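Here is the structure we will look at.
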Amino acid sequence: MTNSILASPALILIIAGLLLPLLPATLRSLALLAAPLVALLMVWQVPDGTVVTVSYLGFELAPMKGDKLSRLFATVFAVMAFAGGLFALNQKRTSELAAAFVYAGGAIGVAFAGDLITVFVFWELMAIASTLVLWSAGPSARSAGLRYAAIHFLGGVILMAGIAGEVAVSGSVAFVPLDISTTPRKLILLGFLINAAATPLSAWLPDAYPEASWSGMVFLSAFTTKTAVYVLIRGFPGTEILIWIGLAMVFYGIIYAILENDMRRILAYSIVNQVGFMVTGVGIGTQMAINGAASHAFAHIIYKALLLMAAGSVLFMTGKRNCTDLGGLFRTMPLTTICGIIGALAISSFPLTSGFVSKSMVTQGAADQHMATVWFLLEAASAGVFLHAGIKFPWFVFFQKDSGLRPSDPPWNMRAAMILCSAICIGLGVMPQPLYDMLPYPVAYVPYTTSHVMLQLQLLLFSGLAFFLMLGLLKRTMTITLDVDWLWRTPGAALMRALDGAAGSVASASAVLSRSVVTVIQTRLRRHHGPDGVFGRAWPTGTMAFWTTIMLGAYLVLSYI
Amino acid sequence: MANGGDHWLVRETTIRILWRGSIAVLALLVLVDFFVDHHPQFGIDGTPGFGAWFGFLSCVAMVLVAKAIGVVLKRPDTYYDE
């Protein structure tokens, strides 16, 4: 058993992360690249069924339990740790890399968790580690990191309450498909949905992620939301409300991204949009739709990382993040431009990219169930993805106008990471079979039919036409768009300040009051018991004798009455 | 930049060629769709050119909705800076 625990791919990454700051620079680079590869090899060694059991507080925990779904997610988490490590090889802040590896290890831990308590432990580890990734960006990320941590710890508390209730009701900690018939299970679902950035609890993501460093956001985009998709697939497949939550996320992401100016916040909104497709697939819940959600999570992690690497390279080379400051970079950043366009095509599900072979299984799942509304909305959203991310991101960053900036492509390791991710995006699109073989259910789906390719090409290219015809309306302005986080950033903060002020005046008033009461008591005590007080002063013996005589006399008189 | 030394991709002539080429591709795409064997799920999605008009109109609708929401919710990007 000890050997099995040591053979946990999650622990390898966590330990590697903790050791990183202690290693000299050259060994650190080696560990950054080697640890994820070792973890990847170990992921593939995990057999089906429970590998490790531990007794804790009378519960039989299964900290490591494997099946195809677990291995699929753990695989892409390990691949992402490698690609992210390669991209961040020249990141000077070792604390960010250390936190990122613990974070990745936490994600793999959740993927192999066979019980809810193990899920919770790794869940919280991820919350802590991801906050540290954010904070590593420096003082500018401090308040966004605090807000991020507050939301995730709130989500953790809700999840813990749900798990405790589930144990009380059913007596089981097993992580199996749950219906939402009981309150504790609803709390568990809510805890999961907060991490999935489900609308209207999605504001934390576009608030926090763009404040991370140029490499930090690459890590952040990969793990939290996709771990949430994994636990939703595992715990709540076929829960109908997820269809509508997913669709709300899809359109929220598009609308907000259309209005956004910060290039990485555009991509943050599009994470919510893409996770929406996955959540919808989980809600549909058929084998086709679950395969779609799982494979789309796999494809998404890689192409979103690629997009954020392109954006991170621009930020690293220019220090600028707003579309209004950027443009025309294709001249001197050709490789970043091409890789960014490949990522943009993949997120748009362009034929021959990874997004095409994965997302179409979700829409096919809706069609198979004759869900017309869902299907038409998903197709409209597919066109919208091209609009808000597929064209908007590369157009405003690399083309648009000439910003006068002439940065070169980034250092070799950042270029290599982008080329690796681009190769995976196209490789999966051209040869989907290896991905299909890893999916939880057998795949009976052929993505490349003439009618499907034609439909998708028309949706996307005419979306492109709409983009360029409405370019005037889409012109970027130096604005942000208010989101739900306004509630706690403006009136919430004002309320806290007011309460703080009220508490302050109550405190000072009570201080004055208590001081005066104490003073009165003190003066009185002093008057009677002080050195000159009637009870405190030394009385002469004569007075004493006098009063004793009076007392005895009175006693004598009283005894005769 | 109007000087001749700028990148060929941003010259007026190139942009004109790109627009013409793109429109030709779009037209061709719709044309070819008349000869494709469709597998409609809901009827209308099997009609030629469905993806074209549906994709286009969806995008126009989403941009207009976004602009409308923007009127209410957009703020200067210094809004949260104390």
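We did not get these values from a lab; they are worked out from the coordinates using the rules stated. All values derive from a computational prediction rather than experimental measurement. Because the Cβ atoms are built from the backbone with ideal geometry, glycine has one as well, and the counts that use them run over all protein chains shown.
Tell me, in nm to one decimal, what length is gained between A:ALA7 and A:VAL484 on full extension, where the rule is 0.36 nm per residue of separation less the Cα-Cα distance? Can you show the working numbers first?
Numbers: separation 477, 0.36 × 477 = 171.72 nm, distance 4.27 nm.
Here the segment from A:ALA7 to A:VAL484 would lengthen by 167.4 nm.
Rounded to the nearest 500, what is the 222 nm mean residue ellipticity of chain B from helices alone, with -39500 (n - 2.57) per DSSP H run of 4+ residues and division by all residues?
Computed mean residue ellipticity for chain B: -19500 deg cm²/dmol.
More than 21 angstrom separation, counting every C-alpha pair in the range A:260-340; what % is that?
When every Cα pair of the range A:260-340 is considered, 40 percent fall beyond 21 Å.
Evaluate peptide B:37-45: per residue, the Cβ atoms of other protein chains within 10 Å of its Cβ; return the mean as an integer.
Numbers: counts 4, 6, 6, 3, 9, 6, 1, 2, 7.
Mean shielding by partner chains, rounded to a whole number: 5.
Once you place label points 7 Å from the Cα toward the Cβ at B:VAL72 and B:ILE23, how far apart are they in nm?
Taking the two extended label points, one gets 3.8 nm.
Using a simple charge model, +1 on the beta-carbon of Lys and Arg, -1 on the beta-carbon of Asp and Glu, nothing else, what dipole does the range A:195-319 show about its Cα centre, in debye to the nearest 20?
240
Treat every Asp and Glu Cβ in the range B:8-73 as -1 and every Lys and Arg Cβ as +1, leave all other atoms uncharged, and give the resulting dipole magnitude about the Cα centre to the nearest 20 debye.
On the way: 4 positive and 4 negative charges, 81 e Å.
Taking the Cα centre of the range B:8-73 as origin, the dipole is about 380 debye.
How well do other chains shield peptide A:251-260, expressed as the mean number of their Cβ atoms within 10 Å of each residue Cβ?
4
Peptides A:59-72, A:478-491, A:329-342: what's the order by average Cβ count within 10 Å, highest mean first?
Highest to lowest by the protection proxy: A:329-342, A:59-72, A:478-491.
Provide the FRET efficiency to the nearest 0.05 for the A:MET544-A:ARG524 pair, computing r from the beta carbons and using R0 = 30 Å.
Values: r = 25 Å, r/R0 = 0.84.
For R0 = 30 Å, the calculated efficiency reads 0.75.
Quick one: length gained pulling A:ASP500 to A:ASP437 fully straight, 0.36 nm per residue minus the C-alpha distance?
Gain in length upon complete extension: 16.9 nm.
Defining a contact as two alpha carbons under 8 Å apart and six or more residues distant in sequence, what relative contact order in percent does the range A:1-121 show?
37
Based on the Kirkwood radius over alpha-carbon pairs, what value in µm²/s does the Stokes-Einstein equation return for the translational diffusion coefficient of chain A at 4 °C and 1.567 mPa s?
In µm²/s, the coefficient rounds to 50.
For the pair A:SER55 and A:THR477, what calculated FRET efficiency results from E = 1/(1 + (r/R0)^6), where r is the Cβ-Cβ distance and R0 = 56 Å, to the nearest 0.05?
With R0 = 56 Å, the Cβ-Cβ based efficiency is 0.40.
Just want the ordering: A:ASP402, B:ASP33, from fewest to most Cβ atoms lying within 10 Å of their own Cβ.
So the residues, fewest neighbours to most, are A:ASP402, B:ASP33.
Per DSSP helix of 4 or more residues, -39500 (n - 2.57); summed, then divided by the residues of chain A. What does that give at 222 nm, rounded to the nearest 500?
Details: 24 runs with 397 residues, N = 561.
It comes out at -23500 deg cm²/dmol, rounded to the nearest 500.
Which one, A:ALA141, A:TRP214, A:TRP395, is farthest towards the positive end of the dipole of the protein assembly as shown when Lys and Arg carry +1 and Asp and Glu -1 on their Cβ?
Result: A:ALA141, furthest along the dipole toward the positive end.
Taking the simple approach of a point 7 Å from Cα along Cα-to-Cβ for both A:TYR448 and B:HIS39, what is their distance in nm?
1.5
What does the highest-first list of A:261-269, A:42-50, A:97-105, A:494-502 look like by mean Cβ count within 10 Å?
Answer by packing, highest mean first, reads A:97-105, A:261-269, A:42-50, A:494-502.
Which part of the range B:5-31 falls in the paramagnetic zone of A:ASP402, meaning amide N under 13 Å from the point 7 Å along Cα-to-beta-carbon?
B:5-12
Report the one residue of A:TYR448, B:PHE54, A:LEU465 whose Cα lies farthest in the direction of the positive end of the charge dipole of the protein assembly as shown (charges on C-beta: Lys and Arg +1, Asp and Glu -1; origin at the Cα centre).
Highest projection toward the positive end goes to A:LEU465.
By how many degrees, between 0 and 90 and to the nearest 10, does the Cα long axis of helix A:183-195 differ from the longest principal axis of chain A?
So the helix axis and the longest Cα principal axis differ by about 60 degrees.
Peptides A:173-182, A:318-327: what's the order by average Cβ count within 10 Å, highest mean first?
So the peptides A:173-182, A:318-327, ranked by packing, come out A:318-327, A:173-182.
Nothing charged except the Cβ atoms of Lys and Arg (+1) and of Asp and Glu (-1): what's the magnitude of the dipole of chain A about its Cα centre? Round to the nearest 20 debye.
1540
Take every residue in peptide B:73-79, count the Cβ atoms of other chains within 10 Å of its Cβ, and give the average of those counts.
6
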